1. Please state the relative contact order of the stretch 38-98 as a whole percent: Cα pairs under 8 Å, 6+ residues apart?
2. Stretched out fully, how many nm does the piece from residue 127 to residue 202 gain, at 0.36 nm a residue minus the Cα gap?
3. GNM, the chain, Cα, under 10 Å: largest mean-square fluctuation among 69, 241, 178?
4. Distance in nm between label sites at residue 233 and residue 58, each 7 Å beyond Cα in the beta-carbon direction?
5. For the chain, set up a GNM with springs between Cα atoms under 10 Å and report which of 166, 255, 180 has the largest fluctuation.
6. For the chain, what does the relative contact order come out to in percent, with C-alpha contacts under 8 Å and a separation of six or more?
7. How much mean residue ellipticity at 222 nm does the chain get from its helices, if each DSSP H run of length 4 or more adds -39500 (n - 2.57) and you divide by all residues, to the nearest 500 deg cm²/dmol?
8. Rank 217, 276, 66 by mean-square fluctuation in a GNM of the chain with C-alpha springs under 10 angstrom and give only the top-ranked residue.
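What follows draws every value from the coordinates through simple rules; no lab data is involved. Please read these numbers as outputs of a predicted model, since none were measured by experiment. Virtual Cβ from ideal backbone geometry, glycine too; neighbours counted across all protein chains shown.
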């Protein structure tokens, strides 16, 4: 019996392919100045059926994105892009956003080591996270893209991802001191300078080169397919950083796609919409089938 005044809606269409649920935890601990430092993650997981209680069909396994949130290499807020992580999970991807140590707690490549440890943890707990361990991609934005690229390009067979998504990440730190910019990108108090141990990059070109994903790209190196997206009006990180990586990948004969988001700044606006996620999803599916 429906009470008078109650509106009845019938045959609602399904809005998304999957329901989602959320878990979080600690994937590793580090000693920082004599204290135990937990490194956290959260995972957004697709499911069929009710996400409560049984959390749906526990036999399902999904292609998985391990995500590194950008922060200028200082302390992350790993939930910053939770909204588009949920959207990707609704499309059928597990998304695991991981915390890495900031400058002041580690020096390069400590944050890359943390990210790689998180990938190992995801693989080891694949069943509980509904992860298909044979279909893992890396994704990051800004400094998080730098970490994801370094981990992807230097990974051995155990950790190599199927592909990697780079949203407006630093790729050639030497360009920070070779070209003028509107603010300091290379001094000892700049984010990159602090990430490398409070150094002036121009005085340590060997370290700047070693910390540059573009310089890991050679014709002989195993480099996973790479999607690059960068705002054409980025005021914080020069567009040439992405252009440089793209040109090196093409010259080395690697699989790469590159999108310039015309008029967009550093990760603002158009990066958080369905059309952009369609591009990311299409790229991921093409390499994780």
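1. Over the stretch 38-98, the number comes to 49 percent.
2. 22.3 nm
3. Ranking 69, 241, 178 by mean-square fluctuation puts 178 first.
4. According to this spin-label approximation, the distance is 5.1 nm.
5. The residue with the greatest mean-square fluctuation here is 180.
6. 15
7. After summing the helix terms and dividing by residue count, I get -8000 deg cm²/dmol.
8. 276
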